[in-house]
Structures are given as structure tokens and as C-alpha cells.
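This report refers to the structure that appears directly beneath it.
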Amino acid sequence: MPTGAISALLRLIEDREITLFDGSRYVKPERYQVMQHELGLSEAMLEQKGIFCVHPSFRILALATPPSRGQVRHNVCNMQRQFGSLYTFFLVQGQDAMLPVPVVQWLD
């Protein structure tokens, strides 16, 4: 994944908020409610301004394949160093390759 993609998602991952390139913003539910109550804006008014609420049960599930088998250990260590604090990280190999399917179903 390009470095720019991770940095763009970092605010969403950590703060549950993000501003997209078109200017629309997704904010965490608590902040969205404050905007509605303190500013007196309805959901339709906020939507018209390009402000949307991140769903309270929003999750990110990222699946990746290392670029080559010879570098698996190096790539895993590198990925953990870069992203380990952002989310739980699992290495799936061999017969466990279908493991993501039940995990996604369990998260649903």
C-alpha cells in the first residue's frame, strides 16, 4: 500500500474522522451530535454542507499478501513496525489462507 494511502487513513483510524479530497467530511458520532445540538443543524443541513457521521460500528479490515515468499519475515516485521499500533495484525499462511472469510463473517 502506498505511504500516502496510510497517511490519509490515519486520521480515520485514530480519530474516526476524515476529510476527503472533494471537501466532504466524515466525523465521529459524538462530534456529529454536538454539531446538531449546539449549532442547531439537522442531519439534512449537515449533509448539504458535506458533513457525514461515521457509523458507530464502523471498522476497517485490511487484508494483504506479502510481495514474495522469500521476504515474508522481513515484510511482516516492517508492516508491524509501521502499522502495529494502529490495529491488530495477524499473519495467515498456507492452509489458513481461507481464514479471512470466517473472520469477516464474524465481524458482520
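The values are calculated or read from the model by the stated rules, or taken from the named source; none is laboratory data. The shown structure was predicted, so the numbers you read here are calculated from the model rather than taken from an experiment. Neighbour counts run over all protein chains shown; Cβ positions are idealised from the backbone, glycine included.
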The lone exception for residue 52 - which of (1) assigned to a strand (DSSP E or B); (2) modelled with pLDDT under 95 it fails: (2)
Any chance residue 41 is more than 16 Å from the chain's Cα centre (by Cα), at pLDDT 90 or above and in a loop (DSSP other than H, G, I, E, B): yes
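Take the conditions assigned to a loop (DSSP other than H, G, I, E, B), hydroxyl-bearing (Ser, Thr, Tyr), surrounded by fewer than 10 Cβ atoms within 10 Å (Cβ to Cβ) and modelled with pLDDT of 70 or more and apply them to residue 57. Does it pass? Full working, then the answer.
Numbers: assigned to a loop (DSSP other than H, G, I, E, B): yes; hydroxyl-bearing (Ser, Thr, Tyr): yes; surrounded by fewer than 10 Cβ atoms within 10 Å (Cβ to Cβ): yes; modelled with pLDDT of 70 or more: yes.
For residue 57, the condition - assigned to a loop (DSSP other than H, G, I, E, B), hydroxyl-bearing (Ser, Thr, Tyr), surrounded by fewer than 10 Cβ atoms within 10 Å (Cβ to Cβ) and modelled with pLDDT of 70 or more - is met.
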